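A short write-up of the structure that comes next.
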Amino acid sequence: SGGIGFSPQPKGITRFDSKMNSPFHLTNNNISTICEDQSGNLWLGNSFNGIDVFNWVKGKTVSYFYEPNNPNSLGKGATQFIYRNSRQEMWIASYWGGLQKYRPQSDDFTSYVHDPDDVNTISSNDIRHISEDAEGNLWLTSHGRGIDKFDIAKGVFKNYNFENNALSNNYTYNSIVDKNGNLWVSTSWGLSVLSPNEQLFETYYFDESDSNSLSSNTVNSVYEDGLGRIWAATIKGLSLFQPITNNFKQFSKGFANKNIVSISED
């Protein structure tokens, strides 16, 4: 909530915020997501409304905002996630505005929003995370509506949820597609996995009587490391999936806080 920091070793931290009298500054200090585009520019989404792009070639900050009377503006509400897919396209998940695709030729956005009269549209305008499968489809986790598969070529969305597909919970946080094509979804109540060409999820839950169960039912994030191992970040520690026994190894000791929010690899 105090901006961002940049550390070019060994010079320490250089701070960028909304008060900086600099070509590179922020519209709002509460940064929710960071993504680098194919040119190396930094896209910085904030939790209120807008994206600031540190454009190194132009030597300035380019900002985008929601404009009520402009259908090609950035989506409405907080920017929750920015994602660069395999086609080098920039996609934005927003709180009220659904999904946006940046169009560099016209320097604006195409928006995908929910239409209650069309089942092929996005299921919710509250999108939390974006991932991609080997076919280039996007998987969109929504808050309260499960997860959507977006076939970009056809422009069609397909929703997967608790009621129809045995997803553990419709309040989803993030997803990954592992090297075997399995879709893993972290939710507010369990960790679900969908095998290729299947329609029903298998779900893993916390069991107080089983030390080899998931660490907690509240799974903030799921991650695949370089060795293909699946890790779940929960509010009560870290869980490592063990495919041979189809259960988990729990890690909870040694953390400053057991509420693990995200995972990355060195």
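Note that the chain presents 53 Å² accessible area per residue, ligands and nucleic acids not counted, probe 1.4 Å. Per residue, the Cα convex hull of the range 43-151 amounts to 108 Å³. Charging the Cβ of each Asp and Glu at -1 and of each Lys and Arg at +1, and nothing else, the dipole of the range 42-100 about its Cα centre rounds to 140 debye. Which residue fluctuates the most in the chain, going by a Gaussian network model with Cα springs under 10 Å, if the choices are GLN105, GLN88, GLN250? With Cα springs under 10 Å in the chain, the top fluctuation among GLN105, GLN88, GLN250 is at GLN105. Taking 8 Å as the Cα distance limit and 6 or more residues as the minimum spacing, I'd like the relative contact order of the range 166-208 as a percentage. Relative contact order comes out at 35 percent. Annotation: for a label point projected 7 angstrom from Cα along Cα→Cβ of GLU163, residues of the range 189-203 with backbone N closer than 19 Å are 189, 199-201. Counting only Cα atoms, the range 117-266 measures 49, 28, 27 Å along its principal axes, largest extent leading. Sorted from longest to shortest, the spans of the Cα atoms of the chain along the three principal axes equal 57, 52, 27 Å. With the charge dipole of the range 62-177 set up from +1 on Lys and Arg Cβ and -1 on Asp and Glu Cβ about the Cα centre, the Cα lying farthest toward the positive end among the listed residues THR110, SER86, TYR160 is that of SER86. Here the relative contact order of the chain, from alpha carbon pairs under 8 Å that lie six or more residues apart, stands at 8 percent.
Evaluated with a Cβ-only charge set (Lys, Arg +1; Asp, Glu -1), the range 39-153 carries a dipole of roughly 440 debye about its Cα centre, given to the nearest 20. Round to a whole number: what % of the accessible area of the range 121-198 belongs to carbon and sulfur, probe 1.4 Å? Carbon with sulfur: 44 percent of the solvent-accessible area.
Quick check: the distance between the Cα centres of the range 97-120 and the range 10-41, to the nearest angstrom? Measuring centre to centre over Cα atoms gives 26 Å. If you place +1 on the Cβ of every Lys and Arg, -1 on the Cβ of every Asp and Glu, and leave all else neutral, what size is the dipole of the chain about its Cα centre, to the nearest 20 Debye? My answer is approximately 860 debye.
The values are calculated or read from the model by the stated rules, or taken from the named source; none is laboratory data. These numbers were taken from a predicted model, which means no experiment stands behind them. Glycine gets a Cβ as well: all are built from the backbone with ideal geometry, and neighbour counts include every protein chain shown. Side chains included, ligands, DNA and RNA excluded: accessible areas come from the protein's heavy atoms. Shrake-Rupley method; radii C 1.70, N 1.55, O 1.52, S 1.80 Å.
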